[in-house]
Every structure is written in structure tokens, then in C-alpha cells.
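J.: Before we start, here is the structure in question, set down as C-alpha cells.
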Amino acid sequence: MIDRVASWMRAAERVAVLTGAGISAESGVPVFRGDAGLWRQFRPEQLATPDAFNRQPELVWDWYLWRRACIAAVQPNAGHLAIARWQQQRAGVALLTQNVDGLHARAGSAAALELHGNLWRVRCPAGCGFTALDEATDAPRTVLRCACGSWLRPDVVWFGETLDAAAIETAIGIVADADLLMVIGTSAVVYPVAALPQIAREGGARVVEVNVEETPLTGQADAVLRGLAGDVLPALWREP
Ligand code: OAD
């Protein structure tokens with residue numbers, strides 16, 4: 001199956017790569033779902049919603065600072081590096097990610113479309129448009145204020161929020177035009193991102209899932225590569 005998918009990759013003019021928390025798991029960044037997932041330990045409605053931030057911004061910030069500290073202490077893994085190599089060694093590889101950890105950029109990937117934002121950025125929720133990089137990792141944090149007076153929040157998408165309209169439109173365009181969509185390390189349950197594989201299929205793309213376990217996408221995929229992203233991805237592309 002690896003050889004078949006490798007041949008699809010060589011033949012494809014446009015490859016779209018969609019990643020989720022599983023690609024960062026081998027770096028030591030916890031995933032969200034499953035026995036070792038963050039949502040077993042923490043309640044999303046207390047930490048990852050606009051209401052939670054309005055109620056207890058310091059608590060929410062402390063959780064994000066803790067996650068930043070975890071991420072700052074780890075390195076991109078063989079899976080991230082393989083995707084960066086695909087982008088560097090062949091044309092037409094677009095990267096879409098649900099991850100907010102910034103590890104694709106640290107691995108050398110150009111311009112990942114970060115559909116759920118990036119936890120190394122802050123933004124003003126009051127609509128004044130202010131965003132900035134912020135590398136603090138030490139909790140507890142005094143919540144920072146924007147020049148307009150509002151609190152600054154992590155620039156990530158929370159439950160109950162819509163994705164940036166331009167970003168999701170771009171993602172839809174990319175997968176609709178792709179010949180091959182690689183879906184890597186995502187439970188494929190969080191919409192609207194979970195709809196992208198179907199849009200790719202309707203546009204004529206082959207869809208390949210890379211995951212350690214079955215997901216709702218498994219039955220629709222043209223090929224399933226069952227294994228660790230860090231083992232599977234480097235085997236799919238050899239420098240020509
Ligand atoms: P999940 O935690 O839901 O899913 C991680 C997926 O990665 C699972 O299907 C695992 O089987 C798989 N996996 C784990 N380790 C792997 C490895 N080494 N190689 C390959 N696959 C592996 O994470 P996401 O699907 O990214 O959103 O979650 C989607 C969104 O839900 C997140 O962006 C976040 C979350 O709640 C928000 O916070 C809005």
C-alpha cells in the first residue's frame with residue numbers, strides 16, 4: 001500500500017496535506033481525544049470557549065501558557081520533516097493544519113494554512129484587528145490588554161466559534177483542486193475541517209488516511225496507511 005500511495009504522490013500535480021494533533025504526538029505534544037487526550041484531563045467548556053475566557057481569562061491563559069511550555073520543550077518529528085521535504089523537493093504541495101502548535105513551520109514547512117489559529121499569537125477579541133506574536137510560557141499570567149482596552153486572547157479557534165471565513169474558503173479551494181489529499185493524524189470529527197475529505201473526493205481527488213487507528217474517514221478513503229505518521233510519511237517520497 002505504501003508503494004501504491006507513493007506512486008500516487010509522484011503522479012499527482014496537486015497534493016493537499018491535512019494534519020491534526022496526531023502528527024505532533026510523536027514530538028510529545030498530547031492529542032485531544034482518546035485515553036491520553038487532553039479532553040480526558042480537562043473540560044473543553046472550561047478552557048476552550050469564548051464563555052470560559054470571559055469568565056476566567058487568567059485560567060484560560062494559564063492553560064495556554066502550559067501548552068506553550070510543553071510545545072517549546074519539544075522538536076518537530078520525522079512526520080513534520082517529511083512534509084516539509086515534500087514541499088521543498090516538489091511543486092504543488094499545500095499544507096492545511098488544525099494544529100496550533102507551530103511545529104510545521106519549525107520543521108521548515110512554508111505557509112501552512114492554520115485553520116484553528118496559532119497559540120503563539122494573541123489577538124484582540126473586540127474587533128479592532130490587533131494581532132501580535134507572544135512567546136510567554138510562564139503561568140500565571142496577568143491578562144494583557146490591547147490598546148483599545150479589551151483583553152488579548154490566544155489567536156486560536158475555540159468551540160462554538162467559526163473559522164476564519166477566508167481561511168476555510170481557501171482550504172475548500174485547495175482540496176477541491178487537488179489530485180491527492182493526505183489526511184494525517186486527525187480524528188476527523190471536528191467540522192468544518194472534517195468535511196474537507198468529502199469535498200476533495202467530489203473534486204476527483206484520491207484520499208489517503210494516515211492514522212494509528214480507525215476514524216469516521218477510514219471507510220471513505222481510497223487508501224489507509226495504518227501506522228505512526230513519523231514512520232509512514234518518510235517512506236512515501238524519495239528525492240528524485
Ligand atoms: P484528535 O486528538 O481528535 O485526534 C488525533 C488523531 O491522531 C487520532 O485519530 C489518533 O488516532 C491519531 N494519532 C495519534 N498519534 C498518531 C501518530 N503518531 N501518527 C498518526 N496518527 C496518530 O485531534 P484532531 O483531530 O487534530 O480543536 O482534533 C481536531 C480539533 O479538535 C483540534 O484542532 C482541536 C480539538 O478539540 C479545537 O480546539 C477547536
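J.: From the phi angles alone, apply the Karplus equation (6.51, -1.76, 1.60; θ = phi - 60°) to segment 87-100 and give each ³J(HN,Hα) in whole Hz, x where the residue is Gly or Pro.
T.: 5, 7, 9, 9, 7, x, 10, 9, 10, 10, 9, 8, 7, 10
J.: Now a separate question. Can you give me the long-range amide H partners of I184? Hydrogens built in the peptide plane at 1.01 Å from N, cutoff under 5 Å, separation of 5 or more residues or another chain.
T.: Those qualifying (amide H under 5 Å, at least 5 residues apart or on another chain) are L18, T19, G20, V210.
J.: Residue by residue through segment 123-138, which ³J(HN,Hα) values in whole Hz follow from phi under the Karplus form 6.51 cos²θ - 1.76 cosθ + 1.60 (θ = phi - 60°), with glycine and proline marked x?
T.: My calculation for segment 123-138 gives 8, 8, x, 7, x, 7, x, 6, 9, 7, 6, 8, 9, 4, 10, 8 Hz in order.
J.: Taking amide H atoms as placed 1.01 Å from N in the peptide plane, list the residues 5 or more away in sequence, or in a different chain, whose amide H sits under 5 Å from that of G227.
T.: Hits under the 5 Å cutoff: N211, V212.
J.: Please flag any cysteine in the chain that has no other cysteine's Cβ under 4.7 angstrom from its own Cβ.
T.: If one checks each Cβ against the other cysteines of the chain, C70 turn up with nothing under 4.7 Å.
J.: Can I ask one more? Relative to the longest principal axis of the C-alpha atoms of the chain, give the angle of the C-alpha long axis of helix 57-72, reported between 0 and 90° and rounded to the nearest 10°.
T.: 40
J.: If each DSSP helix of 4+ residues adds -39,500 (n - 2.57) and the sum is divided by the residues in the chain, what number results at 222 nm, nearest 500 deg cm²/dmol? All intermediate terms of the calculation are to be shown ahead of the outcome.
T.: Values: 11 runs with 84 residues, N = 240.
Taking each H run of at least 4 residues, the total per residue is -9000 deg cm²/dmol.
J.: Sticking with this one: Enter the Cα centre distance for the pair segment 94-134 and segment 216-236, rounded to the nearest angstrom.
T.: 25
J.: Another one. Taking chymotrypsin sites (Phe, Trp or Tyr not before Pro) that fall in a DSSP loop and have at most 16 other Cβ atoms within 10 Å as cut points, what is the longest piece of the chain between them? If you can, show how the numbers build up before the last one.
T.: Numbers: sites that count: F42, F130, F159.
Maximal segment without exposed cleavage sites: 43-129.
J.: For segment 6-107, restrict the atom set to alpha-carbon positions and state the Rg and Dmax in Å.
T.: 16.5, 52
J.: On to the next question. Would you look at the GNM of the chain, springs on alpha carbons closer than 10 Å, and say which of D134, D62, D179 moves the most?
T.: Among D134, D62, D179, the largest mean-square fluctuation in the Gaussian network model of the chain belongs to D134.
J.: How long are the three semi-axes of the equivalent ellipsoid of segment 1-65, in whole Å, if each is the root of 5 times an eigenvalue of the C-alpha gyration tensor, listed from largest down? Walk me through the numbers before you get to the answer.
T.: Details: eigenvalues 271, 41, 18 Å².
Whole-Å semi-axes of the equivalent ellipsoid: 37, 14, 9.
J.: Note the angle between two axes, namely the Cα long axis of helix 2-11 and the longest principal axis of the Cα atoms of the chain, as a number of degrees from 0 to 90, rounded to the nearest 10.
T.: 90
J.: Give the whole-number value, in cubic angstrom per residue, of the convex hull volume spanned by the C-alpha atoms of segment 61-142. Write down the numbers at each step before the final one.
T.: Details: hull volume 8.4 nm³, N = 82.
Cα-based convex hull of segment 61-142, divided per residue, equals 102 Å³.
J.: Along segment 12-17, what does the Karplus equation 6.51 cos²θ - 1.76 cosθ + 1.60 (θ = phi - 60°) give for ³J(HN,Hα), rounded to whole Hz, x for Gly and Pro?
T.: For segment 12-17, the Karplus-derived couplings read 6, 7, 10, 10, 10, 10 Hz, x marking Gly and Pro.
J.: Next up: If amide H atoms are built 1.01 Å from N in the plane of the peptide, which residues on other chains or at least 5 residues away come under 5 Å of the amide H of V207?
T.: So V207 has HN proximity to L181, D222, A223.
J.: Here's a follow-up. Just the number, please: Stokes-Einstein D of segment 118-240 in µm²/s, Kirkwood Rh from C-alpha pairs, 4 °C, 1.567 mPa s.
T.: Estimated diffusion coefficient is 75 µm²/s.
J.: Any chance you could get the radius of gyration and Dmax over the Cα atoms of the chain, in Å?
T.: In Å, with Rg to one decimal and Dmax whole: 18.0, 56.
J.: Antiparallel as a % of all DSSP beta bridges within the chain, to the nearest 5?
T.: Values: 8 of 29 bridges.
Around 30 percent antiparallel, to the nearest 5.
J.: Divide, for segment 82-187, the radius of gyration over alpha carbons by 2.2 N^0.38 Å, where N is the residue count. Spell out each step's value before the answer.
T.: Details: Rg = 16.0 Å, N = 106, 2.2 N^0.38 = 12.9 Å.
So segment 82-187 has a normalised radius of gyration of 1.23.
J.: Hey, could you pull the Cα Rg and Dmax for segment 156-203, both in Å?
T.: Here Rg and the maximum Cα pair distance are 11.1, 32 Å.
J.: What list do you get for I168, I2, I71, I23 if you sort them by fewest beta carbons within 10 Å? It would help to have the intermediate numbers written out before the result.
T.: On the way: I168 18, I2 13, I71 21, I23 33.
Ordered by Cβ neighbours within 10 Å, fewest first: I2, I168, I71, I23.
Read the figures in this text as sums done on the coordinates, not as results from a lab. Since this is a predicted model, take the numbers as computed values, not measurements. Neighbour counts are summed over all protein chains in view; Cβ atoms, including those assigned to glycine, are modelled from backbone coordinates with ideal geometry.
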